[in-house]
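**Q** Structure in structure tokens, see below.
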Amino acid sequence: MSLKDRPKLQLRLTLALVASVAALACAGCSTTVIDAIPAWAGGEPAGAPQRPATAAEYPPVNDRPPARDTKLITEQEQSKIEGELTTVRNTQAVQAQDMQKDRAEVLATTPQLTAAQAKAAAARAARDKAKASDPRPN
């Protein structure tokens, strides 16, 4: 074999390899081939259910859905539901007002810090933070 024939041989081998890989890939889409693969080689596991005898039909995309069996609610039912919702909303509004009153009472009875006390507390907090981040031992 001469050096001139070598690229032709490599091209033929490459084309044969590509064709065989393509054939194997296409064969992988076949269910009969996949079902024949044993479980130890990557086939279906032992507890897998059997395939259905007939293929499933595609859903009718353009067909209209059937009419509903349930009926709409009547005006009386709707007004009853609206009344219940209104009652719940009003109850929640009263509860929210009570909570605001309680909060206002708690804040009114809590002693407030003067400006000097707040400044001193902030200074203490800054000093404690600086102490905590200081790597030197005490």
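The values are calculated or read from the model by the stated rules, or taken from the named source; none is laboratory data. The shown structure was predicted, so the numbers you read here are calculated from the model rather than taken from an experiment. Neighbour counts run over all protein chains shown; Cβ positions are idealised from the backbone, glycine included. Quick note on the areas: whole protein, heavy atoms, side chains included, nothing else; ligands and nucleic acids left out. Shrake-Rupley method; radii C 1.70, N 1.55, O 1.52, S 1.80 Å.
Every residue, every condition in (1) in a helix (DSSP H, G or I); (2) touching a residue at least 40 places away in the same chain (Cβ under 8 Å); (3) of a type in the set (Gly, Ala, Ser), yes or no:
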| residue | (1), (2), (3) |
| --- | --- |
| Lys80 | yes, no, no |
| Thr91 | yes, no, no |
| Asp102 | yes, no, no |
| Gln112 | no, no, no |
| Ala116 | yes, no, yes |
| Ala123 | yes, no, yes |
| Lys129 | yes, no, no |
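**Q** Quick one: which of Leu15, Leu72, Leu9, Leu24 is at pLDDT 80 or above and under 37 Å from the mean Cα position of the chain (by Cα)?
**A** Leu72
Here is a yes/no grid of residues against (1) out of contact with any Phe, Trp or Tyr (no Cβ under 8 Å at 6 or more places or on another chain); (2) modelled with pLDDT of 85 or more; (3) open to solvent by 100 Å² or more (accessible area, probe 1.4 Å):
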position	(1), (2), (3)
Ile34	yes, no, no
Gly43	yes, no, no
Gln50	yes, no, yes
Glu77	yes, yes, no
Val94	yes, yes, no
Lys101	yes, yes, yes
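**Q** Quickly run through region 103-118 and pick out the residues that are at pLDDT below 85 and either open to solvent by less than 80 Å² (accessible area, probe 1.4 Å) or charged (D, E, K, R) (or both).
**A** Thr110, Thr114, Ala116, Ala118
**Q** Given the criteria under 44 Å from the mean Cα position of the chain (by Cα) and in a helix (DSSP H, G or I), does Leu85 qualify?
**A** Criteria met by Leu85.
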